[in-house]
Amino acid sequence: LGSMAVIPLVAATLGLALLIVAAVLFANSRGFGYDFVAYDAAARRIAAGAPLYLADTAERYRQQLYDGLYLYPPQLAIALVPLTVLSTFDATVAWMVFRIGLLIAGCALMPVSRSARLLTFAVGCASLPVLFDLNLGNISIVVLVLAALAWRMSDRPIGAVAHAALIAMRFPFGVFFITWIFQRRGRPIVWTIAAGIGLILVSLPIVGVGQYMDYLTILRNLPDISTGPHNLSLKSTALEIGIPGDVAGLAVPLGYVAGALAIVFAARRRDRDVAFVVSVVATLLLTPFIHPHYLVLMLFPTALLLDRGQRWAIVLPLFAWLPGAVLPLLAPIAIAALLVPARRPPPAS
């Protein structure tokens with residue numbers, strides 16, 4: 001029993017070693033910091049007092065000229081201003097190291113057993129979404145730690161701040177309002193709205209109202225993003241397997257309906273932890289596209305299912321190594337596994 005108990009710790013240690021080796025290799029790889037360069041440039045524009053958003057952002061996106069495009073609200077760029085004292089390369093390295101720390105923190109914050117946290121971290125270190133996110137410099141690991149904080153602090157104001165930040169960075173996290181409505185929990189709704197307003201107000205002295213208007217204009221003018229290069233969705237999967245375009249176009253709205261129904265069912269018929277994790281995973285259905293690194297969120301069902309004795313769940317994050325057409329199907333698989341009633345294993349004597 002003692003030797004079995006140490007396995008999760010050994011696995012997590014090996015996972016961290018793998019992550020460190022990968023980080024060293026990434027620092028000299030092609031594509032290193034591809035996404036972060038856009039965030040860094042936006043932060044440097046704020047530091048220089050220049051407009052945050054490029055005037056031709058929507059048009060460049062339409063032409064698939066994605067290099068340097070910043071498509072987030074001002075808060076992310078504001079948060080990265082301290083890194084502008086470094087060169088872009090050094091800032092990219094610092095951002096990667098910081099997010100390794102966030103990955104550790106995110107897994108540690110999950111309100112599951114110690115062994116489930118360690119095993120979740122271990123498998124995360126070997127998963128494509130985590131490695132892909134670290135290399136690109138994206139925010140999916142930031143989303144992970146915010147969601148973990150929201151899960152652990154679900155009944156506290158700090159959890160509402162985490163939810164507000166999540167919605168700002170990934171709009172589909174607004175589905176939690178559906179969860180709370182059907183759980184008849186008004187407090188997190190009020191707190192999250194208040195936190196969101198607060199995040200906007202504290203940023204106004206730095207960027208002003210005009211930058212928010214520019215952001216809304218960009219969002220309004222973006223083209224269909226569900227079938228762009230490297231954008232994975234149920235629609236792109238349907239097209240890849242030969243389903244006609246008109247029929248394939250129904251896949252995305254059907255995903256929205258399935259995700260919403262899963263959220264409502266979990267909120268009404270399952271416990272709060274299951275409802276939370278189903279809502280997190282459902283954000284992958286309630287979005288017009290996903291990138292592979294979005295599947296960092298698969299660590300949440302892995303953690304909860306492991307905590308409840310479902311050992312097979314440790315392979316969930318590894319399914320992201322499968323071909324791209326398969327990846328949009330991982331969220332429905334995880335949701336189905338979460339909604340199947342399962343008894344907790346009896347405590348060890």
Say we join alpha carbon atoms closer than 10 Å with springs in a Gaussian network model of the chain; which of SER203, SER140, SER127 then has the biggest fluctuation? SER203
Under a 10 Å cutoff between Cα atoms, tell me which one of VAL142, VAL326, VAL93 has the largest fluctuation in the Gaussian network model of the chain. VAL326
Taking the Cα atoms only, what angle lies between the long axis of helix 186-221 and the longest principal axis of the chain, rounded to 10 degrees? 30
Please list, in chain and number order, the residues 5+ apart from ILE290 or on another chain whose amide H is under 5 Å from its amide H, with Hs placed from the backbone. LEU232, SER233
In nm, to one decimal, how far is the modelled label at ILE197 from the one at VAL247, with both set 7 Å along Cα→Cβ? 4.9
Evaluated at q = 0.13, 0.18, 0.25 Å⁻¹: base-10 log I(q)/I(0), Debye formula over Cα of segment 98-187: -0.46, -0.84, -1.27
Charge dipole (the chain, unit charges on Cβ, about Cα centre) - positive-most of ALA108, LEU144, LEU131: ALA108
Using the Karplus curve 6.51 cos²θ - 1.76 cosθ + 1.60 with θ = phi - 60°, what ³J(HN,Hα) values do you get for each residue of segment 319-326, in whole Hz, with x for Gly and Pro? 4, 5, 7, 5, x, x, 5, 7
Could you sort the peptides 77-88, 298-309, 265-276 by per-residue average Cβ neighbour count (10 Å cutoff), highest mean leading? 298-309, 265-276, 77-88
Can you give me the three principal axis dimensions of the chain from its C-alpha atoms, in Å, biggest first? 64, 46, 44
Per-residue HN-Hα couplings for segment 305-317, Karplus 6.51 cos²θ - 1.76 cosθ + 1.60 at θ = phi - 60°, whole Hz, x for Gly and Pro? 5, 4, 4, 9, x, 8, 5, 4, 5, 5, 8, 3, x
The chain: most fluctuating residue of ARG170, ARG187, ARG117 per GNM, C-alpha cutoff 10 Å: ARG187
Nearest-20 debye value, the chain charge dipole, Cβ charges on Lys, Arg, Asp, Glu: 1220
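Here, each number is a calculation from the coordinates, and none is a lab measurement. Note that the structure is predicted; figures quoted are calculated from it, not measured. Positions of Cβ are backbone-derived with ideal geometry, glycine not excepted, and every protein chain shown enters the neighbour counts.
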